[in-house]
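Data first, discussion second: the structure below is written as structure tokens.
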Amino acid sequence: MTTNNDLDQQRTHWEIITLGCMFIGYMGFILCRTVLTVASPEMVNDPNLGLDEASYGDIAAWGMAGMITGKLLTGVIADWLGGRRVFLVALSITALLTVTFSWGTTASSFEGVSSAQAGSWASAFPIGCLLALVGGGFLYDRVSRKGRVGLLGGLLGATCVCVAALWCLKELPIIPDSFKFPLAIVILFFYGFTLAPAYYLPASIFSNEFGGKHCALLIGLVDVAGYSTSMLYLIAGGRMVKTWGWQSMIQLFLVIAVVATLITIWFAFEDYRRFRLTD
């Protein structure tokens, strides 16, 4: 006869397996997503490809269009076939396409120092994200809904400071040039550290609470809105970099970060007020 203790042990066992599989699978997705970012400096500099910042922005934007399509389709399909099947199929296809892409870009990506520098730039951000999410999830669960307003506002306020620091770094004469690149990596680390909890947690938790059995579709629709904006930003950003340089795009990015901070604070406050009225 199966006891309640046995059922609890079985449930804990499968919860650990599910968590481990999701962690490994999502790690694979993120690794595949960063391939284009790491390879981008050499892709732009490779004369055989004939790319500039504007055309690379267009390529990245079309990649974002693929993510939008995937979000729309997989949300509906996951509600129909189940998340596990969709997760495995999507991860397999992603891995196959990434291997195909990498085989064409690996040689040029490791020819010069700039590739190593690009790797440093690319790694600082996700490392900060990882460390923030490990502790951020526990913290987010333990603060009240009212406390989340201040938590998210403080994190995104710090994100804006990081963007402003990147914008000012190049023009600061008091910092020697030899220290600017390592300092930029440190800033990117804290950028990821402050941004990740606000980016990943609120929308997903809200979708699970509000969407019910159709939460996968709701998460897909929320992400589609964000990715659609990112697609437009990539198209415009590439042309801005080509015409006015990187500083102009960082300026625009700072404005967007401030607006996003204000909207997120408003969202958290409305969520708190809704919960208080229904309590």
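If we scan segment 224-243, do we find a residue that is aromatic (Phe, Trp, Tyr), exposed (fewer than 13 other Cβ atoms within 10 Å of the Cβ) and within 29 Å of ASP58 (Cα to Cα)?
Filtering segment 224-243 down to residues aromatic (Phe, Trp, Tyr) leaves 227, 233.
Filter once more, keeping what is exposed (fewer than 13 other Cβ atoms within 10 Å of the Cβ): none.
There is no residue in segment 224-243 that is aromatic (Phe, Trp, Tyr), exposed (fewer than 13 other Cβ atoms within 10 Å of the Cβ) and within 29 Å of ASP58 (Cα to Cα).
Return only the number of the condition from (1) on the phi < 0 side of the Ramachandran plot; (2) modelled with pLDDT under 85 that GLY212 does not satisfy.
(1)
Would you tally the residues in segment 152-175 being over 22 Å from GLY245 (Cβ atoms) and touching a helix residue (DSSP H, G or I) at 6+ places or on another chain (Cβ under 7 Å)?
Count: 7.
Considering segment 73-100 alone, what residues qualify as being under 20 Å from the mean Cα position of the chain (by Cα) and crowded, with 16+ Cβ neighbours inside 10 Å?
Those that are under 20 Å from the mean Cα position of the chain (by Cα) and crowded, with 16+ Cβ neighbours inside 10 Å: THR74, GLY75, PHE87, ALA90, LEU91, THR94, THR98.
Would you mind telling me which numbered condition in (1) closer than 28 Å to GLY212 by Cβ; (2) surrounded by 15 or more Cβ atoms within 10 Å (Cβ to Cβ) CYS21 fails?
(2)
Within the set of pairs 6 or more residues apart or between chains, which connect a residue that is more than 23 Å from ALA164 (Cβ to Cβ) inside segment 231-246 to a residue that is outside any helix (DSSP H, G or I) with Cβ atoms less than 9 Å apart?
These pairs meet every condition: LYS242/ASP52.
Of the residues LEU172, LEU155, LEU201, only one is modelled with pLDDT of 85 or more and on the phi < 0 side of the Ramachandran plot; which? Spell out the reasoning first.
On the way: LEU172 fails: modelled with pLDDT of 85 or more; LEU201 fails: modelled with pLDDT of 85 or more.
It is LEU155.
Here are some conditions: (1) among the hydrophobic types (A, V, I, L, M, F, W, C); (2) surrounded by fewer than 16 Cβ atoms within 10 Å (Cβ to Cβ); (3) under 26 Å from GLY70 (Cα atoms); (4) at pLDDT below 85. TRP246 meets all but one. Which one does it not meet?
(3)
What residue, of ARG276, ARG239, is out of contact with any Cys (no Cβ under 9 Å at 6 or more places or on another chain), at pLDDT below 85 and assigned to a helix (DSSP H, G or I)?
Working: ARG239 fails: at pLDDT below 85.
Of ARG276, ARG239, the one residue that is out of contact with any Cys (no Cβ under 9 Å at 6 or more places or on another chain), at pLDDT below 85 and assigned to a helix (DSSP H, G or I) is ARG276.
For the list (1) modelled with pLDDT under 75; (2) loosely packed, with under 15 Cβ neighbours inside 10 Å; (3) closer than 24 Å to THR94 by Cβ, I need the number of the one condition that THR37 fails.
In the conditions (1) modelled with pLDDT under 75; (2) loosely packed, with under 15 Cβ neighbours inside 10 Å; (3) closer than 24 Å to THR94 by Cβ, THR37 misses (2) alone.
Just one of (1) closer than 18 Å to GLY238 by Cβ; (2) surrounded by 15 or more Cβ atoms within 10 Å (Cβ to Cβ); (3) modelled with pLDDT of 70 or more; (4) not hydroxyl-bearing (Ser, Thr, Tyr) trips up TRP62, so point out which.
(2)
Of all residues being free of Cβ contacts under 8 Å to residues at least 24 places away in the same chain and within 20 Å of the chain's Cα centre (by Cα) in segment 247-269, which is farthest from LEU155 (Cα to Cα)? Just the residue, please.
So in segment 247-269, the residues free of Cβ contacts under 8 Å to residues at least 24 places away in the same chain come out as 248-249, 252, 255-256, 259, 262-263, 266.
Filter again for within 20 Å of the chain's Cα centre (by Cα), leaving 249, 252, 255-256, 259, 262-263.
Working: MET249: 22, LEU252: 20, VAL255: 16, ILE256: 15, VAL259: 14, LEU262: 12, ILE263: 13 Å.
That would be MET249.
For residues in segment 181-200 being surrounded by 20 or more Cβ atoms within 10 Å (Cβ to Cβ) and under 20 Å from TRP266 (Cα atoms), which is farthest from the chain's Cα centre (by Cα)?
Here the residue is THR194.
The values are calculated or read from the model by the stated rules, or taken from the named source; none is laboratory data. Computed from a prediction, not measured in an experiment: that's the story for all the values here. FYI the Cβ positions are ideal-geometry reconstructions off the backbone, even for glycines, and counts take in every protein chain you see.
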